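The block underneath contains the structure these notes are about, expressed in structure tokens.
FYI, it's all coordinate maths here, none of it is from the lab. A quick note: this is a predicted structure, and the numbers were derived from the prediction, not measured. Every residue, glycine among them, receives a Cβ derived from its backbone with ideal geometry; neighbour counts consider all protein chains shown.
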Amino acid sequence: MRQNETAEKRTVRLLRVGEQVRHALSDILARGDVHDETLAKHVVSITEVRMSSDLRHATVFMKPLLGRDEAAVLKALRTNTAYLQSEVAQRVNTKYAAKLKFLADDSFDEGSHIDTLLKQPKVAQDLDPEA
């Protein structure tokens, strides 16, 4: 860590670089720059990018539109990782090109599950302020 860098500034920097990587990947995928049949057929959302503290690794969370063919899209992204890393490195100005690791974003599924649980009659009665 730099001597004059506080933990708060470091966290903000990690978030800022993560957002830059997310925007770069989203742009690359939206333009169809990756010559992959699977990626060409799907709209892919990059929902979050978490950077390691040294900015050398980026965990990329993704979700295809409507969750269709998630495994195939994930495999296509992983197959094209080298190309995506080089493109992101050109667009995001950091000392090192971050190694990208693609994961499916399960937070939407978890949110839907929680919503379903909250709508169950047994749970809803406990949430009703008039009960």
(request) Along Cα→Cβ, 7 Å out, is where each label goes; now give me the distance between the ones at Thr11 and Ala82 in nm to one decimal. (result) 3.9
(request) Any chance you could get the radius of gyration and Dmax over the Cα atoms of segment 7-106, in Å? (result) 13.1, 43
(message) Report the gain in length on full extension from Ser26 to Tyr96: 0.36 nm times residue separation, minus Cα-Cα distance, nm rounded to one decimal.
(response) 23.2 nm
(request) Any chance you could run the full-extension gain for Glu37 through Ala89? It's 0.36 nm times the residue separation minus the Cα-Cα distance, nm to one decimal. (result) 16.4 nm
